[in-house]
1. Could we say that E116 is over 24 Å from E256 (Cβ atoms) and loosely packed, with under 15 Cβ neighbours inside 10 Å here?
2. Tell me, which residue of the range 228-243 that is more than 35 Å from the chain's Cα centre (by Cα) and at pLDDT 90 or above is surrounded by the fewest Cβ atoms within 10 Å (Cβ to Cβ)?
3. Among the candidates P186, P175, single out the residue that is within 18 Å of G307 (Cβ to Cβ) and assigned to a loop (DSSP other than H, G, I, E, B).
4. Would the range 198-206 turn up any residue that is of a type in the set (G, A, S), part of a loop (DSSP other than H, G, I, E, B) and within 30 Å of R332 (Cα to Cα)?
5. Out of (1) in contact with a Leu (Cβ under 8 Å, 6 or more places away or on another chain); (2) at pLDDT below 95; (3) of a type in the set (F, W, Y), what's the single condition that is false for F121?
6. Scan the range 121-139 and give yes if some residue there is in contact (Cβ under 8 Å) with a residue 60 or more places away in the chain, of a type in the set (F, W, Y) and in the same structural domain as L188 (by TED's automatic domain parsing), otherwise no.
7. Confirm whether D154 is among the charged types (D, E, K, R) and over 28 Å from A235 (Cα atoms).
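The values are calculated or read from the model by the stated rules, or taken from the named source; none is laboratory data. Just so we're clear, the structure is a prediction, and the values are computed from it rather than from any experiment. Backbone-built Cβ (ideal geometry, glycine too); neighbour counts: all protein chains shown.
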Amino acid sequence: MTIEKKKILDELDADLLNISNIQDLQNIKARYLGKKGTVTDLMKEIGRIPAESKKEYGMLVNELKNDIEAVLEKKEEQVRELEKKSLETKNWVDVTLPGARRAVGSEHLVMKAIREISDVFINMGCTVVEGPEIEMPWYNFDALNIAPWHPARDMQDTFYIESDKNLILRTHTSPVQVRTMLKSKPPLAIISPGRVYRKDEIDATHAAMFNQVEGLYIDRQVTVAHLKMFLEILAKSMFGDRMQVLLRPSYFAFVEPGFEVDVSCMNCGGKGCNVCKNTGWIEILGAGLVHPNVLRNSGIDPNEWQGFAFGMGAERIALLKYGVNNLREFTRNDIRVIE
């Protein structure tokens, strides 16, 4: 029995002529080399071959199989190379084209205000100090001369940690000042920005969580004049060179004397308008000379050292500086405000 090797290989070449993917190639491979393929059918005929011709016939079938495998292997290389080039062409990118324009994020107005306030005092020699937001009452109240009966300690004003009544969410960043005085010797000049928490009703000017920036300056023979100088530099840096500062007597347990600090209205220039309620002044922060008891509680001799402290809400400064009329706008994620 003869094997038409050339005819079979010619048929294979014809079948492979228009092959363009691996799946079609696998189908043809099965047709020639599979269990029901051409080579298998030829091998099944070996039983009919005379004994003296079986060896020669088997060698011819194996040669045909090797030739078919060689042809298929070469074709597979060609098909894979074509698929690779096709994929490269499909995913090809012209690197000379201009890139897609992407929206650039903006600095949040509150964070921008904190940075600008911090820069003012850093340029005056202050160091930025941070502390824990979960605080012990001693640092938040006792060390700051806030009496046990003071209403600020009440459950309706302060967030107490339910699992431990000896822990609270700090109501101001003043505990950072206490911690700094306890571990560092004067003279000191620091600011302490950070989040604080109070049980305030949320409205246009109040929030349960907001940001403060507090400052502390300790040195010998510190007076109210030094405090006012710091605050005037802050006001002019944040709102313009025409800003004036007014100190109104007020009470804060941790300073003596204490002051509410106003700046001339940036809307009317101090003439009086609806923004400043026709007073010509707008309150921006509280301040005063550090109370002797606070110095003693922090390990500093008030007979040798004096100091002043101040604290402001960053959101309030941002409201005034950037013309936002509602504190809630800072947390609504309105893209128009963010941009």
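1. Judged against the criteria, E116 is not a match.
2. M229
3. Numbers: P175 fails: assigned to a loop (DSSP other than H, G, I, E, B).
Matching residue, one of P186, P175: P186.
4. Taking the range 198-206 and keeping what is of a type in the set (G, A, S), we get 204.
From what is left, the residues that are part of a loop (DSSP other than H, G, I, E, B) are 204.
Restricting the remaining residues to those that are within 30 Å of R332 (Cα to Cα) gives 204.
Yes, some residue in the range 198-206 is of a type in the set (G, A, S), part of a loop (DSSP other than H, G, I, E, B) and within 30 Å of R332 (Cα to Cα).
5. For F121, the exception is condition (2).
6. yes
7. Working: among the charged types (D, E, K, R): yes; over 28 Å from A235 (Cα atoms): yes.
The answer is yes for D154.
Let's see how each residue does on (1) surrounded by 11 or more Cβ atoms within 10 Å (Cβ to Cβ); (2) within 60 Å of the chain's Cα centre (by Cα); (3) of a type in the set (V, I, T); (4) modelled with pLDDT under 80:
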| residue | (1), (2), (3), (4) |
| --- | --- |
| L17 | no, yes, no, no |
| N21 | yes, yes, no, no |
| D24 | yes, yes, no, no |
| L33 | yes, no, no, no |
| I49 | yes, no, yes, yes |
| K54 | yes, no, no, yes |
| E76 | yes, yes, no, no |
